[in-house]
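Asks: Sharing a structure with you now.
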Amino acid sequence: KDKSEGLLSLCWGAMATLWYFHQIPKHMVSSKIFGLYKHDNMSPKAAMMQGLPLHIGVPVSRHTTWKDEDFEGKKGIEVLMHSDESGPSCVWDPELCHVHMINHFEYDRDTLHGEYLRDLTKGTPTGEPIHIPRHYYPADDPARVPPHKWASAGQVFYSNWLLTLMRNKAKREGVDL
């Protein structure tokens, strides 16, 4: 904690680190949250969110979630992205310079498609039938190639993370950028 330059945790890692540092629990869901979900940029002026649109499509593929009420009254963290369908997804801790992101800007155009085909063949870990990824395929047709709508937003998000690290390091070292 004292020696950290910062941390970007993703997916299960985000669930684990947000629990470790802030005791935010993960919750199992009854059906896999799976698809391309609209997220709201809750803090467009925050360094991590600058340059991102107010509404962002982000790939989601998980059996767990964070709940809004788990963040109520928590000091030192801010929900940066939230989806009405899939809940809080990106959380910022400015003191530790930690970003916790449970969804998947890093996914390629066909990653959700590959997961869908895998789950059709092997089944899901919970045994539930897999549904077509929501809001992903044009006209919900798995035979059609999905557009890679989130690529540029993902590039901005990860660039913002690197800029945040660079700015924090410069500040600690007394260097003006």
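Asks: Through the Karplus equation 6.51 cos²θ - 1.76 cosθ + 1.60, θ set to phi - 60°, convert the phi angles of the range 127-141 into ³J(HN,Hα) values in whole Hz; use x for Gly and Pro.
Replies: Residue by residue, the range 127-141 yields x, 6, x, 7, 9, 4, x, 5, 6, 10, 7, x, 6, 6, 10 Hz.
Asks: About its Cα centre, what dipole magnitude does the range 1-111 give when the only charges are +1 on Lys and Arg Cβ and -1 on Asp and Glu Cβ, stated in debye to the nearest 20? The partial results should precede the final answer.
Replies: Details: 11 positive and 15 negative charges, 29 e Å.
Result for the range 1-111 is approximately 140 debye, rounded to the nearest 20.
Asks: A further question on this structure: Averaged per residue, what accessible surface does the range 1-74 expose to a 1.4 Å probe, in Å²? List each step's numbers first, then the result.
Replies: Details: 4040 Å² over 74 residues.
Roughly 55 Å² per residue, with all protein chains present.
Asks: What is the magnitude of the charge dipole of the range 22-177 about its Cα centre, with +1 placed on the Cβ of each Lys and Arg, -1 on the Cβ of each Asp and Glu, and no other charges, expressed in debye to the nearest 20? Provide the component values of the computation, followed by the final result.
Replies: Numbers: 18 positive and 20 negative charges, 58 e Å.
I would put it at about 280 debye.
Asks: A further question follows. Considering Cα pairs under 8 angstrom that are at least six residues apart, work out the relative contact order of the range 33-177 and quote it in whole percent. Walk me through the intermediate numbers first.
Replies: Numbers: 210 pairs, mean separation 36.3, N = 145.
This gives 25 percent for the range 33-177.
Asks: Using the heavy atoms of the protein chains alone and a 1.4 angstrom probe, what is the accessible area of the range 78-127 per residue in square angstrom? Provide the component values of the computation, followed by the final result.
Replies: Values: 2200 Å² over 50 residues.
Solvent-accessible surface per residue comes out at 44 Å².
Asks: Report in % the part of the accessible area of the chain that belongs to carbon and sulfur, leaving out ligands and nucleic acids; probe 1.4 Å.
Replies: Numbers: 5290 of 9730 Å².
The computed percentage sits at 54.
Asks: Separation of the range 126-177 and the range 44-119 by C-alpha centroid, Å?
Replies: Centre-to-centre (Cα) distance: 9 Å.
Asks: Something else: If amide H atoms are built 1.01 Å from N in the plane of the peptide, which residues on other chains or at least 5 residues away come under 5 Å of the amide H of His98?
Replies: Answer set, sorted by chain and number: Leu7, Asp93.
Asks: Hey, can you grab everything whose amide H is under 5 Å from the amide H of Ile24? Only 5+ residues off in sequence or another chain; H modelled, so Pro and N-termini drop out.
Replies: So Ile24 has HN proximity to Trp19.
Asks: Here's something else I'd like to know. Using only DSSP helix segments of four residues or longer, with each worth -39500 (n - 2.57), what per-residue ellipticity at 222 nm results for the chain after dividing by its residue count and rounding to 500? Walk me through the numbers before you get to the answer.
Replies: Working: 3 runs with 45 residues, N = 177.
Estimated from H runs of four or more residues: -8500 deg cm²/dmol.
Asks: Across 10 Å bins from 0, what is the distribution of all Cα-Cα pair distances for the range 98-177, in whole percents?
Replies: Each 10 Å bin holds this share of Cα pairs: 15, 33, 25, 14, 10, 3.
Asks: Same structure again: Using amide H atoms built in the peptide plane, which far-off residues or other-chain residues are under 5 Å from Gly57 H to H?
Replies: So Gly57 has HN proximity to His39.
Asks: Still on this structure, I have one more. Of the listed pairs Lys74/Lys149; Lys45/Lys169; Lys74/Lys169, which have alpha-carbon separations greater than 29 Å here? Mind showing how you got there, number by number?
Replies: Details: Lys74/Lys149 33 Å; Lys45/Lys169 20 Å; Lys74/Lys169 26 Å.
Lys74/Lys149, as the Cα separations exceed 29 Å there.
Asks: If you take the charge dipole of the chain about its Cα centre, with +1 on Lys and Arg Cβ and -1 on Asp and Glu Cβ, which of Leu120, Trp161, Trp19 is farthest toward its positive end?
Replies: Highest projection toward the positive end goes to Trp161.
Asks: Between Leu177 and Lys75, what length in nm is gained on full extension when 0.36 nm per residue of separation is reduced by their alpha carbon distance? Please report the intermediate quantities before stating the final value.
Replies: On the way: separation 102, 0.36 × 102 = 36.72 nm, distance 2.93 nm.
Full extension from Leu177 to Lys75 adds 33.8 nm.
Asks: For the range 11-104, what are the per-bin percents of Cα-Cα distances with bins 10 Å wide, up to the bin holding the maximum?
Replies: 16, 54, 29, 1
The values are calculated or read from the model by the stated rules, or taken from the named source; none is laboratory data. Note that the coordinates shown come from a computational prediction; the quantities given were computed from them, not determined experimentally. Counting neighbours? That spans all protein chains shown, and the Cβs are built from the backbone with ideal geometry, glycine included. Surface accessibility is based on the protein's heavy atoms, side chains included, excluding ligands, DNA and RNA. Shrake-Rupley method; radii C 1.70, N 1.55, O 1.52, S 1.80 Å.
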